[in-house]
1. Kindly provide the chymotrypsin sites (Phe, Trp or Tyr not before Pro) of the range 35-123 that DSSP labels as loop, not H, G, I, E or B, and whose Cβ sees at most 15 other Cβ atoms within 10 Å.
2. Where the centre of each part is set by its Cα atoms, how far does the range 1-71 sit from the range 114-167, in angstrom?
3. Extending each Cα 7 Å along its Cβ direction at residue 95 and residue 77, get the distance between those two points in nm, one decimal.
4. Run the quick spin-label model on residue 330 and residue 2: label points 7 Å from Cα toward the beta carbon, then report their separation in nm to one decimal.
5. If DNA, RNA and ligands are ignored and the probe is 1.4 Å, what is the ranking of 238, 325 by accessible area, most exposed first?
6. Hey, can you grab everything whose amide H is under 5 Å from the amide H of residue 184? Only 5+ residues off in sequence or another chain; H modelled, so Pro and N-termini drop out.
7. Would you please classify the overall shape of the range 284-361 from the alpha carbon gyration tensor, given that a ≥ b ≥ c denote the square roots of the eigenvalues, rounded means a/c under 1.5, and beyond that prolate means a/b larger than b/c while oblate covers the rest?
8. Quick one: which residues, 5 or more positions from residue 356 or on another chain, have an amide H under 5 Å from its amide H? H modelled 1.01 Å from N in the peptide plane, none for Pro or chain starts.
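The values are calculated or read from the model by the stated rules, or taken from the named source; none is laboratory data. A quick note: this is a predicted structure, and the numbers were derived from the prediction, not measured. Here the Cβ positions follow ideal geometry from the backbone for every residue, glycine too, while neighbour counts run over all protein chains shown. Ligands, DNA and RNA are excluded from the accessible area calculation, which covers all protein heavy atoms including side chains. Shrake-Rupley method; radii C 1.70, N 1.55, O 1.52, S 1.80 Å.
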Amino acid sequence: MKKIKAAVCHAFHEPLVIEDIILGEPRFGEIEVTLAAVAICHSDISYAEGAWGGTLPAVYGHEAAGIISQVGPGVRSLNVGDHVIVTLIKSCGVCVQCSQGRPTLCSASHDEHLESLQTDEGQSLHKAMNCGAFAEKVVVDQSQVAVIPIDMPMDSACLMACGVITGIGAVVFSGRLKPGQDVVIIGAGGVGLNAIQAARIAGARRIIAVDLSENKLQTALEFGATNGVLATQGQPYRTTIEILGKGADLVVVTVGSIAAYNQAPHYLGHRGRVIMVGMPPSGATSEIEPVILAFSGHGLIGSKMGDVVIQRDIPWIVDLYQQGRLKLDELISKHWAFNQINEAIADTKTGTAKRNVIMFT
């Protein structure tokens, strides 16, 4: 057991409190990672605001990178000193989903309440999303990390733990985009920009970004979008169809907006698919007209963490970055110190940042 600093959520909608907590030793198959960087993801904010429920007090944060500082028994192919990204994807490797190459949907029970994380007073502390990375160190399962090159910047590397793989995977793995197809990306934030990059790399004919912000649309063009459409138009899907000359083959919804989900099928051409990435609050519902989907052969496909396999896909993504074909450095809006985490969260909530990154070193 060791004492570390963490940003703890004691009440929904209240600022996080940086305080001492107790971190347990790595158990069988676990490793300890001393973190260098963690990004602020909108999912962390949604949890801290109670959008999806959850247990308090809790430590959020799940988009991190650091150096392995301790290895528990039974750990394979990982060593102290390895540079790694830390993800929320905890997989058993043997259930039906894992055996079929879908670790993001692992069906094994992963009880976060059994994790050895406590307040300084000995109270049980919830390690949210299997990570609890708004902290100086984490103890995670070996399945949750992927090794990265030692010379890769930690601030850029941490983005691969969630926003990058979610956006890229939504297009490449969930959407199975083919060269020459047309793509609409709804939402040009952190995940949306990576979906745009994936569509560019995969050989899309047209990549149309749809967003409420003109500034974000301009950024989308810099990341590979061929066109930008303001969502403030009454029926933005009509504009995209005019640009394409037909409906889109793929529509990726990267924002948790019910309005976006209600409109998404209207962008599609025959046999088109909507990839559902953005997560609205629990209980929110969307409306569709089934006859249109049935007549046009449309598909609605959920995409959790881009359906990636991190040990397989992170080396590929790193290679794209090292070749200069994938922008990661440019995704970072600003660096913040750990004691500025509430300011970084507030800045993220304005919607103007691509990704804010907390640096521990």
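1. Loop-located and lightly packed - 52.
2. A separation of 7 Å, based on Cα centres.
3. About 2.1 nm, to one decimal.
4. 3.8
5. Descending order: 238, 325.
6. Long-range HN contacts for residue 184: 208, 250, 251, 252.
7. Oblate, since a/c reaches 1.5 and b/c is not below a/b.
8. 40, 333
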